[in-house]
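Step one of this worksheet: look at the structure below.
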Amino acid sequence: MKFISDIDKEIKTKIYRQLHKDDGKVEQKEKITPDFEETQRLEYPFKVTVFTPFYNRRHTIDRVFDSLVSQTYKDFEWLIIDDGSSDDVSDIIERYRASADFPIRYYYKKNGGKHTAANYANYLTDSEYIIILDSDDAIPPETIENFLKTWDSIDESKRDEYWSVVGRCLDSETHEPKS
């Protein structure tokens with residue numbers, strides 16, 4: 001009898017093998033437009049990539065940026081995949097780059113939904129961990145540092161029992177967990 005976790009591992013393994021064929025590259029259905037030379041992709045590997053899927057959220061993206069600036073752990077990159085927005089956020093991204101103390105990568109692709117942006121993010125990062133922050137999210141200043149400390153406290157022999165970690169949403173005014 002197979003347990004759910006065994007089935008999940010088999011499915012994840014099949015997906016991983018499909019995405020990482022012999023050459024380790026994913027076949028792209030469309031060309032996404034990078035804002036820099038593709039050779040820079042592996043130049044600065046980070047332990048953590050904060051990934052933000054973006055679609056017409058120019059009015060909320062400051063919330064994500066401000067929370068990343070306030071992080072106590074700084075060895076991360078911010079990867080933004082713009083899923084076909086029409087609100088021209090590139091000027092804001094340039095302003096962020098000028099003031100951020102972490103690298104910011106921005107890609108634009110035609111609209112295909114959040115799931116396609118997540119697939120591209122998986123392809124475009126070599127980080128050990130990916131934290132997904134939607135374009136209207138914010139996280140407390142110790143979030144990345146606490147995540148890494150907690151992960152490091154787990155016995156190495158038990159870490160393969162985990163596939164993902166999910167955080168609870170808090171109300172931005174009361175700071176109480178949302179139900």
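The values are calculated or read from the model by the stated rules, or taken from the named source; none is laboratory data. Everything numeric in this text was worked out from a predicted model, so none of it was measured. Virtual Cβ from ideal backbone geometry, glycine too; neighbours counted across all protein chains shown. These area figures cover heavy atoms from the full protein model, side chains too; ligands, DNA and RNA do not enter into them. Shrake-Rupley method; radii C 1.70, N 1.55, O 1.52, S 1.80 Å.
Scanning region 163-172 for residues that are under 18 Å from V48 (Cβ atoms), touching a strand residue (DSSP E or B) at 6+ places or on another chain (Cβ under 6 Å) and among the aromatic types (F, W, Y) turns up nothing. Among (1) under 16 Å from F51 (Cβ atoms); (2) open to solvent by 10 Å² or more (accessible area, probe 1.4 Å), there is one condition S90 misses while meeting the rest; what is its number? Here S90 meets the rest and fails (1).
For region 64-75, residues that are surrounded by 15 or more Cβ atoms within 10 Å (Cβ to Cβ) and modelled with pLDDT under 95 total 0.
Conditions tested, residue by residue: (1) farther than 21 Å from R58 by Cα; (2) modelled with pLDDT under 95; (3) of a type in the set (D, E).
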{"site": "A121", "(1), (2), (3)": "no, yes, no"}
{"site": "T125", "(1), (2), (3)": "yes, yes, no"}
{"site": "I130", "(1), (2), (3)": "yes, yes, no"}
{"site": "A138", "(1), (2), (3)": "no, yes, no"}
{"site": "F147", "(1), (2), (3)": "yes, yes, no"}
{"site": "D152", "(1), (2), (3)": "yes, yes, yes"}
{"site": "K158", "(1), (2), (3)": "yes, yes, no"}
{"site": "V165", "(1), (2), (3)": "yes, yes, no"}
{"site": "R168", "(1), (2), (3)": "yes, yes, no"}
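Could you tell me which residue of region 150-179 is most open to solvent (accessible area, probe 1.4 Å), considering only residues that are over 17 Å from E128 (Cα atoms) and either touching a residue at least 24 places away in the same chain (Cβ under 8 Å) or aliphatic (A, V, I, L, M) (or both)? Here the answer is S172.
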